[in-house]
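In what follows, a single structure is set out as structure tokens and then discussed.
The values are calculated or read from the model by the stated rules, or taken from the named source; none is laboratory data. Not measured: the values here are computed from a predicted model. Here the Cβ positions follow ideal geometry from the backbone for every residue, glycine too, while neighbour counts run over all protein chains shown.
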Amino acid sequence: MRMRALGAATLATLALTATACGGGQPAAPAAPSGSATASAAGGTLVIWADPSRVKPLKPFADQFGTENGVTVEVKEISKDNQQTFLTASQQGSGPDIMIGAHDWIGNLVQNGAIDPVTLTEEQKAAFSEKAIQAVTFNGQIYGAPYAVENIALIRNTELAPDAPKTIEDMIAKGKELKAAGKVKDVLCLPVGQKGDAFHVYPIFASGGGALFGTTSTGDPDPKKVLLGSPDSVKAFEKLKGLGEKGDAALRTSITNENYIVNFASGKCAYLISGPWATSEVKKGGITYDITAVPPLDGGNPATPFVGVQTFFVASKGKSKALAQEFVANYVTNKDVAKALYEADPRPPALTAALQEVQATDPDAVKFMEAGKDGIPMPAIPEMAAIWEPFGIAETAVVKGGDAADAAAAAQKAIDGALKN
């Protein structure tokens with residue numbers, strides 16, 4: 001997959017970096033209306049993408065180049081993508097278009113690396129509301145969204161026919177199956193040695209935990225970090241209860257490298273993951289269903305983070321007019337959205353494309369349904385300071401450590417980072 005990069009430090013800790021699989025190279029899409037005219041002939045457009053997107057991009061990048069008399073280069077960037085882009089941008093050697101997660105936006109805007117993208121009201125209305133919300137920062141749209149993703153509960157229906165109503169119901173069933181020797185693990189959710197805030201966040205949120213307060217407009221308030229708040233301490237207590245000295249549902253031996261494989265091989269009945277997991281699950285021959293992550297008994301909704309994969313226009317690109325045309329009037333076309341989906345089956349952000357793929361892939365709709373109450377990953381630059389301290393706190397309580405101490409240490413680390 002996954003792609004996500006919330007900053008260089010996060011790439012290793014979030015499971016947002018595994019590659020979702022998907023079919024071979026798609027056929028070149030039909031030409032979108034409103035594409036650039038030959039007046040742009042002779043230019044060069046450079047696009048940077050992670051490995052999972054280079055192949056599906058190539059057919060319509062080539063087509064755009066042919067239609068408009070320009071050369072289009074799609075270059076693979078596979079390490080520290082956000083920082084690599086920022087560094088190259090500052091040095092004047094960056095691309096015209098960068099593809100990445102919407103939660104980069106605050107940092108990229110702060111560093112003058114991307115421009116707003118002009119979308120008509122009709123174009124904006126063609127996307128899911130959550131996708132547009134995610135790419136909007138300080139009242140402006142930065143990028144064209146093309147895929148929406150969130151985690152959900154993927155359940156082995158042979159072992160667990162019914163969707164659990166609560167986390168406690170799920171854990172009880174998982175423990176029952178483990179006691180009967182039918183599974184090895186109660187739950188497949190990655191923790192590892194560094195924690196994984198992204199995957200555990202729905203449970204943390206259900207327990208009352210929060211990362212930030214909110215502004216008067218409802219946006220995350222970076223001046224109000226709440227990881228050390230009493231409610232967050234209670235949430236960490238809940239995670240401790242699910243950990244190695246409690247129900248043993250959360251374990252550091254379950255990592256981003258093995259959690260999907262373990263589920264696909266029948267070692268657990270429940271997997272908390274995203275669309276990038278389904279290819280491996282299908283290969284394993286597992287019969288499965290996808291539902292929302294259930295809440296804790298008596299808790300808040302288990303709201304997942306929603307991520308939106310986005311095409312950005314580089315502020316310092318050499319072909320900004322071409323880049324704007326490609327992002328605003330080509331990427332926003334249904335055929336392009338479907339081509340990207342066919343190569344990497346994450347639910348399309350474009351409603352018309354989603355409606356067409358749902359007939360052949362009900363998983364896309366199920367993931368969207370599971371994430372309907374999710375919150376867009378905060379795109380503020382300060383979010384980068386959250387991941388590592390949160391992960392350390394999570395691992396500490398999963399191992400049986402004191403929740404208040406872990407939360408206080410995380411708060412102190414984040415406050416220190418934000419003051420620098």
**Request:** Scan ALA337, ALA352 and give me the residue that is surrounded by fewer than 19 Cβ atoms within 10 Å (Cβ to Cβ) and either over 24 Å from ILE132 (Cβ atoms) or modelled with pLDDT under 95 (or both).
**Result:** ALA352
**Fill in**
Selection over region 314-326 where residues are of a type in the set (A, V, I, L, M) and surrounded by fewer than 24 Cβ atoms within 10 Å (Cβ to Cβ) yields a count of 1
**Request:** Quick one: in region 340-349, of everything that is part of a helix (DSSP H, G or I) and touching a Lys or Arg at 6+ places or on another chain (Cβ under 9 Å), which residue is surrounded by the fewest Cβ atoms within 10 Å (Cβ to Cβ)?
**Result:** ALA343
**Request:** Give the residue, chosen from GLY284, GLY246, that is small (Gly, Ala, Ser), at pLDDT 95 or above and over 24 Å from the mean Cα position of the chain (by Cα).
**Result:** GLY246
**Selection status of VAL117, among the β-branched types (Val, Ile, Thr), modelled with pLDDT of 95 or more and more than 18 Å from the chain's Cα centre (by Cα)** = yes
**Item:** Pick from region 123-164, criterion farther than 27 Å from ILE47 by Cβ and within 13 Å of the chain's Cα centre (by Cα), ranking: surrounded by the most Cβ atoms within 10 Å (Cβ to Cβ)
**Value:** ILE151
**Complete:** The condition of being more than 23 Å from LYS412 (Cα to Cα), assigned to a helix (DSSP H, G or I) and of a type in the set (Lys, Arg) holds, among LYS282, LYS234, LYS267, LYS240, only for LYS282
**Prompt:** Hey, does region 29-43 have a residue that's at pLDDT below 50, among the β-branched types (Val, Ile, Thr), part of a loop (DSSP other than H, G, I, E, B) and within 16 Å of ASP344 (Cβ to Cβ)?
**Reply:** no
**Asked** With PHE263, PHE236 as the choices, which residue is within 27 Å of ARG346 (Cα to Cα), assigned by TED's automatic domain parsing to the domain that holds ASP162 and either of a type outside the set (Asp, Glu) or crowded, with 22+ Cβ neighbours inside 10 Å (or both)?
**Response** PHE263
**Request:** Mind listing whichever residues of region 383-411 are surrounded by fewer than 20 Cβ atoms within 10 Å (Cβ to Cβ) and of a type in the set (Asp, Glu)?
**Result:** ASP402, ASP405
**Message:** Considering only region 185-199, I want to know if a residue exists there that is basic (Lys, Arg) and surrounded by fewer than 18 Cβ atoms within 10 Å (Cβ to Cβ).
**Reply:** no
**Request:** For region 388-395, state whether one or more residues are farther than 28 Å from LYS130 by Cα, among the hydrophobic types (A, V, I, L, M, F, W, C), out of contact with any Pro (no Cβ under 9 Å at 6 or more places or on another chain) and not assigned by TED's automatic domain parsing to the domain that holds GLN82.
**Result:** yes
